[in-house]
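First the structure, in the form of structure tokens, and then the observations on it.
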Number of protein chains: 2
Amino acid sequence: MNNNQVLNERSLQLLKALVERYIQDGQPVGSRALSKDTELKLSPATIRNVMADLEDMGLIRSPHTSAGRVPTVSGYRLFIDSLLTVKPLDSEELKLLRKNLIAKDNVNDVIGIASRILSDVTRMAGVVTLPKRELVSLRHIEFLPLSNTRVLVIFVTNEQEVHNKILHTSKQFSPAQLQQAANYLNSVYAGLSLAAVRKAVLKELKDAQEQMNREMLDAVQMAKLALDPENSDEDYVLSGETNLMGFSELSDMERLKELFDAFSQKRGVIHLLDQCLNAEGVQIFIGEESGYHAFEQCSLVTAPYSINEQVVGVLGVIGPTRMAYEKVIPFVDVTAKLLGAALNPKT
Amino acid sequence: MNNNQVLNERSLQLLKALVERYIQDGQPVGSRALSKDTELKLSPATIRNVMADLEDMGLIRSPHTSAGRVPTVSGYRLFIDSLLTVKPLDSEELKLLRKNLIAKDNVNDVIGIASRILSDVTRMAGVVTLPKRELVSLRHIEFLPLSNTRVLVIFVTNEQEVHNKILHTSKQFSPAQLQQAANYLNSVYAGLSLAAVRKAVLKELKDAQEQMNREMLDAVQMAKLALDPENSDEDYVLSGETNLMGFSELSDMERLKELFDAFSQKRGVIHLLDQCLNAEGVQIFIGEESGYHAFEQCSLVTAPYSINEQVVGVLGVIGPTRMAYEKVIPFVDVTAKLLGAALNPKT
DNA sequence: TATCAGCACTCTATCCTATAGAGTGCCAGC
DNA sequence: GCTGGCACTCTATAGGATAGAGTGCTGATA
């Protein structure tokens, strides 16, 4: 790669045409085809010169001597960042989103629907992370005695989701004691994010052990157990993975297995998606940019979604690098916004 | 297919050898190989005669003239039902099961572990259905007011699993009323299976509308809502699907996509597994026997598992028809028993 | 009558070669 | 700086030859 070339208007226009053409039909693009595609009246020979320059700059490459050129990751990156003309969202698709992406009693249902719509519309794989518990705020907490030292803790969060967990306490509590503990916690902590609650709880335990009365101490200690993040309960809902089996660039079984393994391990995918939590809007990983070998032939288009203006999760589309970015990007963007809206509690 | 042939001892012995050989190395088995494999001192020519008979009977077939023979579904069926010599369980595998398949607070964790062990050990796909709510018995029910007419119902079942659901009630209840309703239900119905509870509840509503006091009626009506089976919450945990990508008989992308689609739709797979709920022990579907096109190249080896001697779910292994049944069958069998043990409440 | 050696036949898989087609790089002329 | 022309390269495809595996059948044998 050699950067003392100039990327003038014409080269960019040709790069754009090449990427668009390649995305459209998946074949390496030759100079003759490009000459016909653009309104610049240039002969194939001239275009070949420009293409040689683009290749020097590492933006395109040729699979072999007598094939045309295909975009490299840098080529796609430049295309997406500077050349792409995003298409407005299809009104049918918007209608579909508005019709189906609505509030439900069960958050998982909404997440599942979002994931499915993403995959159905794009005909690629859709992924939506569950709202991060950490970031979601506590609405209500409750303790139920199960047996001896086992206590069921139930907490209702911001987005009307109910979580439960079984605690093993060091001593036995009466139902009344548990009720009292819950009352205390609700009065003090309701409305804070779970992360904030945990932080406050830890502080309280550290600062005020002696001054606290017995009941409050019990309550706080139980809250500590209840909010223990434990083995990251982070998860996502994936849909339409099988759509990826149709793409020729992913038809190598080794690769495909690696990709699907990554999907079921979840760890790597979650890590990748987490990187998009703080992005302003749509963020894109092209091929090897993700840093995961399994995703080398794939691109990931993501957008964070929010509840009450607080980002709590990420959704996105996974497909071959050769995808219709100009349609996928706005679609992912809007879906994220509408998912946030559907998850916002109405009260 | 023509059945006026006689299946004598020798033919069966040869069929057995052929299936075993084919399972071992996946190549069509020729007369010469079979002649060496068996201790019957028969020349390839004689064996060819027998093979022609077996082919007439529809037990084996030849992919083309100059290939050997492979078993048909009927051939596999006969092999499994009458010829198979099941191997005792490997002690390492038993140790693995005993070590990992132990009681946990969370049923889903245990199910997940079982599924993973099934796939890891067999290097095929493992599947375990969640315990059917219907069949599991009620231990404890609780109502929590959420807001206005929304009530959170929580029920703890037999296997220590906690389920929750949001009800929309027609009128508003005070916490005390909800507590009273729960008390009533717990005193009357605890210990029955959810299906039995629902049945009793419906009967009560029908019979005794007038005689009942107001509170009990409310309680029963709420129970009815809570136990509504709704969109079948039946589900399963699948592991190691990607193992199936390694098998040459499943390497056709069309087929593979169909199979994975079936996995994510779940409906068909659940229906198939449900058929095994009432089987006495291990049940096997070979290829097209399942009745699902997606599974045409696959076999499914299943066994039901029980909690408190009540069958509540099914587990199994999915792999190519050409699998080591003599090892898989006992393994699935034992795993089902140990899963049942791990799910049994200790009290 | 059951078994078996021998043989002609069939089908597949593999390798080699030839050929057409697509696309390039470079050069010389405008 | 652009372009037509041309030699060159590489791929994909088809055809043909060959080796190998395995079969079915026949006629001989015990």
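What the table shows:
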| item | result |
| --- | --- |
| Between helix A:214-227 and chain A: long-axis angle, C-alpha atoms, 0 to 90°, nearest 10 | 20 degrees |
| In the B-A interface, the accessible area buried, summed over both sides, Å² (probe 1.4 Å) | 2400 Å² |
| Cross-link pairs beyond the 32 Å C-alpha cut-off, checked among A:LYS16/B:LYS266; B:LYS104/B:LYS327; A:LYS165/A:LYS266; A:LYS104/A:LYS206; A:LYS104/A:LYS171; A:LYS327/B:LYS257 | A:LYS16/B:LYS266; A:LYS104/A:LYS206; A:LYS104/A:LYS171 |
| Three-way shape label, the protein assembly as shown, alpha-carbon gyration tensor, a/c 1.5 | oblate |
| Drop in accessible area of at least 40 Å² in the complex versus isolated chain, residues of segment A:235-251, 1.4 Å probe | A:THR242, A:MET245 |
| Label point at B:GLN275 placed 7 Å out along Cα→Cβ; residues across segment B:312-342 whose backbone nitrogen lies under 16 Å | B:314-319, B:321 |
| Neighbouring partner chain Cβ atoms per residue of B:263-270, average, 10 Å criterion | 1 |
| Residue among A:ALA324, A:ALA67, A:ALA336 with the largest mean-square fluctuation in a Gaussian network model of chain A, springs linking Cα atoms under 10 Å | A:ALA67 |
| Size of charge dipole - segment B:9-83 - debye, nearest 20, with Cβ of Lys, Arg +1 and Asp, Glu -1, no other charges | 180 debye |
| Amide H contacts under 5 Å for B:TYR305, placed H, 5+ residues apart | B:VAL312, B:GLY313, B:VAL314, B:LEU315 |
| For segment A:152-166, residues shielded by at least 20 square angstrom of accessible area compared with the chain on its own, probe 1.4 Å | A:LEU152, A:ILE154, A:VAL156, A:GLN160, A:VAL162, A:ASN164, A:ILE166 |
| Nearest-ten-degree value, helix B:44-56 long axis tilted from longest Cα axis of chain B | 40 degrees |
| Global form of segment A:134-227, assessed from the alpha-carbon gyration tensor, a/c cut-off 1.5 | oblate |
| Test item: A:98-110 mean partner chain Cβ contacts at 10 Å | 1 |
| Most mobile listed residue (A:GLY287, A:GLY112, A:GLY26) in chain A, GNM with C-alpha springs under 10 Å | A:GLY26 |
| Charge sum, other residues only, whose C-beta stays under 14 Å from B:ASP56's C-beta, Lys/Arg counted +1 and Asp/Glu -1 | +1 |
| Cα-based shape type of segment A:1-120, given that a ≥ b ≥ c are square roots of the gyration tensor eigenvalues and the cut on a/c is 1.5 | prolate |
| Most positive-pole-ward Cα, B:SER299, A:GLN180, B:PHE155, against dipole of the protein assembly as shown from beta carbon charges | A:GLN180 |
| Difference of contour (0.36 nm per residue) and Cα-Cα distance, B:ALA200 to B:LEU225 | 7.7 nm |
| Theoretical FRET efficiency, 1/(1+(r/R0)^6), r = Cβ-Cβ of B:LEU40 and B:GLU249, R0 22 Å, to 0.05 | 0.15 |
| Theoretical FRET efficiency, 1/(1+(r/R0)^6), r = Cβ-Cβ of A:ASN183 and B:LYS87, R0 51 Å, to 0.05 | 0.25 |
| Centroid-to-centroid separation of segment B:301-347 and segment B:133-200 [C-alpha atoms, Å] | 31 Å |
| Dipole magnitude of segment A:134-227 about its Cα centre (Cβ charges: Lys, Arg +1; Asp, Glu -1), debye to nearest 20 | 200 debye |
| Derived scalar couplings ³J(HN,Hα) [segment B:111-126; Karplus, 6.51 cos²θ - 1.76 cosθ + 1.60; whole Hz; x for Gly, Pro] | 4, x, 5, 4, 4, 5, 4, 4, 6, 5, 6, 8, 6, 10, 9, x |
| Top of A:ASN158, A:ASN213, A:ASN186 by mean-square fluctuation, Gaussian network on chain A, Cα under 10 Å | A:ASN213 |
| Estimated vicinal HN-Hα couplings, Hz - segment A:273-281 in sequence order (Karplus 6.51, -1.76, 1.60; Gly, Pro = x) | 5, 4, 5, 9, 4, 9, 5, 5, x |
| Nitroxide proxy distance, nm - points 7 Å out along Cα→Cβ at A:ASP120 and B:LEU96 | 4.0 nm |
| Degrees between helix A:194-207 axis and first principal axis of chain A (Cα, 0 to 90, nearest 10) | 40 degrees |
| Net charge, B:ASP105 excluded, C-beta distance under 9 Å - Lys, Arg +1, Asp, Glu -1 | +2 |
| Volume per residue that the Cα convex hull of segment A:73-179 spans, once the total is divided by residue count, Å³ | 172 Å³ |
| The protein assembly as shown, accessible surface, carbon-and-sulfur percent (1.4 angstrom probe) | 47 percent |
| Nonlocal amide H pairs with A:LEU152, under 5 Å, H built at 1.01 Å | A:LEU144, A:LEU146, A:LEU167 |
| Dipole magnitude of chain B, debye to nearest 20 (Cβ charges: Lys/Arg +1, Asp/Glu -1, about Cα centre) | 360 debye |
| Calculated label separations, A:HIS163, copies of the chain, 7 Å along the beta-carbon direction, nm | 2.3 |
| Residue-normalised accessible area of chain B, expressed per residue, 1.4 Å probe, Å² | 47 Å² |
| Other-copy label distances relative to A:LEU94, 7 angstrom Cα-Cβ extension, nm | 6.7 |
| Cβ-Cβ FRET estimate between B:GLN24 and B:ALA67, R0 fixed at 22 Å, reported to 0.05 | 0.85 |
| Calculated from backbone phi, Karplus (6.51, -1.76, 1.60) coupling profile of segment B:289-300 in Hz, x at Gly/Pro | 3, 5, x, 10, 4, 4, 9, 4, 9, 10, 10, 10 |
| Spin-label model distance (nm) - A:LYS266 vs A:GLN172, 7 Å beyond Cα toward Cβ | 3.6 nm |
| Amide hydrogen neighbours beyond the local backbone of A:GLU159, cut-off 5 Å, H modeled | A:SER137 |
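The values are calculated or read from the model by the stated rules, or taken from the named source; none is laboratory data. For clarity, every value in this text was computed on a predicted model and none was experimentally measured. Methodologically, a virtual Cβ is constructed for each residue, glycine included, from the backbone with ideal geometry; neighbour enumeration extends over all protein chains shown. For the accessible areas, the whole protein counts, side chains as well, though only heavy atoms, and no ligand, DNA or RNA atoms are used. Shrake-Rupley method; radii C 1.70, N 1.55, O 1.52, S 1.80 Å.
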